[in-house]
Amino acid sequence: MTQSPQQVTGQQWSISENAPSSLVRPYAVTRGRTRPKTQLPLEALISTTATARSEFGTLTPECQAISDLCQEWRSVAEISALCRIPLGVARVLVADMAEQGLVQIRSSLNTDSRPNVNLLERVLSGLRKL
């Protein structure tokens with residue numbers, strides 16, 4: 001019987017609506033780290049790479065859930081919400097996965113760490129329409 005990637009271990013990391021909470025504490029998942037190795041804004045878009053798809057069975061349950069979720073571009077904030085994990089944990093896990101070549105990141109940050117002006121203008125325009 002083959003499990004779908006969305007039903008990985010039935011823990012908190014499952015994307016299903018009624019997944020039970022995990023007994024693993026967030027600091028244990030990130031090995032005590034609270035900050036990612038690289039700056040990762042919450043609006044950064046994440047997508048799974050071919051490497052993650054080919055190595056899916058060897059990934060941790062957390063990375064499997066993120067990999068499955070990011071078949072389509074998702075923001076770090078969406079990953080956090082849909083996997084029901086704290087934003088800081090999502091940032092650390094995604095940054096680790098990017099370092100391993102398991103996900104690719106599209107960030108709105110310029111090289112000088114300032115938000116993209118076009119993005120800010122689009123957000124402001126959207127807020128005014130509300």
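What number comes out for accessible area per residue over region 40-130 if the probe is 1.4 Å? Units Å², please.
Computed with neighbouring chains in place, this is 55 Å² per residue.
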Solvent-accessible area, 1.4 Å probe, carbon plus sulfur percent, for region 65-110 = 46 percent
Gain upon complete extension [Arg84, Leu130; 0.36 nm per residue less C-alpha separation] = 13.8 nm
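The values are calculated or read from the model by the stated rules, or taken from the named source; none is laboratory data. Just so it is clear, the model here is predicted, and its values are computed rather than measured. Ligands, DNA and RNA are stripped out before the accessible areas are found, and what is left, the full protein with its side chains, is counted by its heavy atoms. Shrake-Rupley method; radii C 1.70, N 1.55, O 1.52, S 1.80 Å.
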